[in-house]
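What follows is a set of notes on a single structure, which appears directly below.
The values are calculated or read from the model by the stated rules, or taken from the named source; none is laboratory data. Every value quoted in this text rests on a predicted model; they were computed, and no experiment measured them. Cβ placement follows ideal geometry from the backbone for every residue including glycine, while neighbour counts extend to all protein chains displayed. SASA here: full protein model, heavy atoms, side chains in, ligands and nucleic acids out. Shrake-Rupley method; radii C 1.70, N 1.55, O 1.52, S 1.80 Å.
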Amino acid sequence: MTTEKVEVLIIGSGPAGYTAAVYAARANLKPVLYQGIQPGGQLTTTTDVENYPGYPEGVTGPEMMMDFQKQAERFGTDVRFGMITKVDFSVYPLKAVVDDEHEIEAQSVIISTGASAKWLGLPGEERLNGKGVSACAVCDGFFFRGKDLVVVGGGDTAAEEASYLSKLASKVYLLVRRDEMRASAIMQQRVERAENIEILWNTETEKILGENEVEGVRVVNNQTGEKQDIPAQGFFVAIGHKPNTDIFRDYLDMDENGYLITKADSTETNVPGVFASGDAQDHVYRQAITAAGTGCMAALEAERFLAAQEADLVEGTPTIAMK
Ligand code: NDP
């Protein structure tokens with residue numbers, strides 16, 4: 001296995017990763033960024049992005065991510081296609097393995113691996129993604145103004161998405177698979193009070209109707225077995241997200257859902273030199289602009305960390321005492 005030494009390793013190529021790269025590259029830290037399995041991240045699955053400042057006419061998700069990449073490369077970021085498959089944060093320099101065949105020794109690591117929406121696994125769900133099927137109300141809700149929509153899920157995400165969509169859509173059906181919601185009381189109240197949200201309890205989706213775009217949903221009551229077709233133009237799956245943090249499990253503090261825990265007002269993790277940004281550590285906002293913000297923070301903190309390391313080395317007392 002070949003080994004390479006880098007100052008800043010950035011894992012992930014969404015808004016957090018590329019923003020971290022722009023800042024780190026401009027600070028002359030020669031960042032190396034691995035794009036992961038989906039270069040550009042979750043935004044590449046979105047059609048139009050209209051809420052990212054700086055694009056007054058809107059932009060497609062893939063175009064925007066190409067812009068991010070170009071900007072990161074312009075200042076010298078080494079953007080590479082590849083997947084970090086393993087890390088070892090119990091040693092310093094920090095270690096990461098690319099595609100099981102190349103080892104990196106990094107003085108600092110910025111994690112921006114993002115999260116992936118969970119899907120139901122229904123036939124047609126993938127085919128109609130972007131054609132009425134979505135997992136992001138804030139991204140896509142605007143295109144369904146005045147339409148009838150279905151939201152699936154019973155947690156805070158589903159409650160939030162249903163509330164958000166109810167302000168745009170003419171009617172929102174919320175499909176909850178049990179006879180109660182998991183969502184917090186306040187979020188549930190918000191849903192229950194909205195005049196145009198109808199909650200269908202004990203209800204699961206059997207089929208998404210429509211060939212080239214969503215035309216409706218066939219649902220089944222899991223208590224009575226009764227089926228019904230609900231005409232709808234949008235189908236929002238809101239059954240949670242899964243942060244892409246599995247490979248860090250042995251080293252980094254995370255909550256019970258796998259979101260990396262960072263210190264207050266910081267992107268510092270529990271391992272010195274490792275910083276976490278974007279959706280891998282943020283389950284609340286999950287927006288491109290907030291991810292970019294924390295990517296910027298991570299790069300500035302990595303820069304500060306490396307400067308402190310260098311100062312310590314000059315004085316001969318390394319800061320890092322690893323576990
Ligand atoms: P949760 O895991 O809390 O909820 C997932 C929901 O989806 C549950 O109601 C679950 O049903 C349902 N579900 C799961 N799989 C299926 C399926 N196959 N078919 C139908 N329904 C399904 O995820 P969330 O994303 O809602 O929340 C994650 C975390 O983020 C929580 O801690 C939440 O509080 C937090 N959050 C906070 C927000 C806020 O404070 N504003 C906003 C959004 C999230 P069941 O209950 O039967 O398991």
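If you check Glu125 against the conditions, is it within 16 Å of the ligand (Cβ to nearest atom), open to solvent by less than 30 Å² (accessible area, probe 1.4 Å), part of a loop (DSSP other than H, G, I, E, B) and out of contact with any Ser or Thr (no Cβ under 6 Å at 6 or more places or on another chain)?
Criteria met by Glu125.
Please identify the pairs in which a residue from the range 221-250 that is more than 16 Å from the ligand (Cβ to nearest atom) has its Cβ atom under 6 Å from the Cβ atom of a residue that is aromatic (Phe, Trp, Tyr), counting only partners at least 6 apart or on another chain.
Close Cβ pairs (under 6 Å, with a partner that is aromatic (Phe, Trp, Tyr)) amount to Gly234/Phe144.
For the range 181-197, name all the residues that are within 27 Å of Gly225 (Cα to Cα) and either within 12 Å of the ligand (Cβ to nearest atom) or in a helix (DSSP H, G or I) (or both).
Scanning the range 181-197 gives Met181, Arg182, Ala183, Gln188, Val191, Glu192.
Considering only the range 133-155, I want to know if a residue exists there that is among the charged types (D, E, K, R) and within 24 Å of the chain's Cα centre (by Cα).
Of the residues in the range 133-155, the ones among the charged types (D, E, K, R) are 140, 145, 147-148.
Cutting the leftovers down to within 24 Å of the chain's Cα centre (by Cα) gives us 140.
Within the range 133-155, one or more residues are among the charged types (D, E, K, R) and within 24 Å of the chain's Cα centre (by Cα).
So, in the range 134-153, how many residues would count as being surrounded by fewer than 24 Cβ atoms within 10 Å (Cβ to Cβ) and of a type outside the set (Asp, Glu)? Outline the logic, then answer.
Going through the range 134-153, the residues surrounded by fewer than 24 Cβ atoms within 10 Å (Cβ to Cβ) turn out to be 136, 138-148.
After this cut, where a residue has to be of a type outside the set (Asp, Glu) as well, the list is 136, 138-139, 141-147.
Total satisfying the criteria: 10.
Of these, Glu256, Glu206, which one is assigned to a strand (DSSP E or B) and either surrounded by fewer than 20 Cβ atoms within 10 Å (Cβ to Cβ) or without any contact (Cβ under 8 Å) to a residue 60 or more places away in the chain (or both)? Outline the logic, then answer.
Numbers: Glu256 fails: assigned to a strand (DSSP E or B).
Step by step, each of Glu256, Glu206 is checked, and only Glu206 is assigned to a strand (DSSP E or B) and either surrounded by fewer than 20 Cβ atoms within 10 Å (Cβ to Cβ) or without any contact (Cβ under 8 Å) to a residue 60 or more places away in the chain (or both).
Consider Ser108 carefully, then state whether it is exposed (fewer than 15 other Cβ atoms within 10 Å of the Cβ) and touching a Phe, Trp or Tyr at 6+ places or on another chain (Cβ under 7 Å). Reasoning before the result, please.
Values: exposed (fewer than 15 other Cβ atoms within 10 Å of the Cβ): no; touching a Phe, Trp or Tyr at 6+ places or on another chain (Cβ under 7 Å): yes.
Considered against the rule, which asks whether it is exposed (fewer than 15 other Cβ atoms within 10 Å of the Cβ) and touching a Phe, Trp or Tyr at 6+ places or on another chain (Cβ under 7 Å), Ser108 comes out as no.
Could you tell me whether Val151 is within 11 Å of the ligand (Cβ to nearest atom) and in a strand (DSSP E or B)? Lay out the reasoning, then the answer.
Numbers: within 11 Å of the ligand (Cβ to nearest atom): yes; in a strand (DSSP E or B): yes.
Yes.
For Ile37, which of the numbered conditions (1) surrounded by fewer than 23 Cβ atoms within 10 Å (Cβ to Cβ); (2) under 17 Å from the mean Cα position of the chain (by Cα); (3) modelled with pLDDT of 95 or more fails to hold?
(3)
When residues of the range 268-304 are filtered for being in contact with a strand residue (DSSP E or B) (Cβ under 9 Å, 6 or more places away or on another chain) and open to solvent by less than 30 Å² (accessible area, probe 1.4 Å), how many remain?
Final tally of qualifying residues: 18.
Go through the range 159-180 and give me each residue that's part of a loop (DSSP other than H, G, I, E, B), over 24 Å from the mean Cα position of the chain (by Cα) and crowded, with 19+ Cβ neighbours inside 10 Å.
Once the filter is applied, which keeps residues that are part of a loop (DSSP other than H, G, I, E, B), over 24 Å from the mean Cα position of the chain (by Cα) and crowded, with 19+ Cβ neighbours inside 10 Å, the range 159-180 yields only Ala169.
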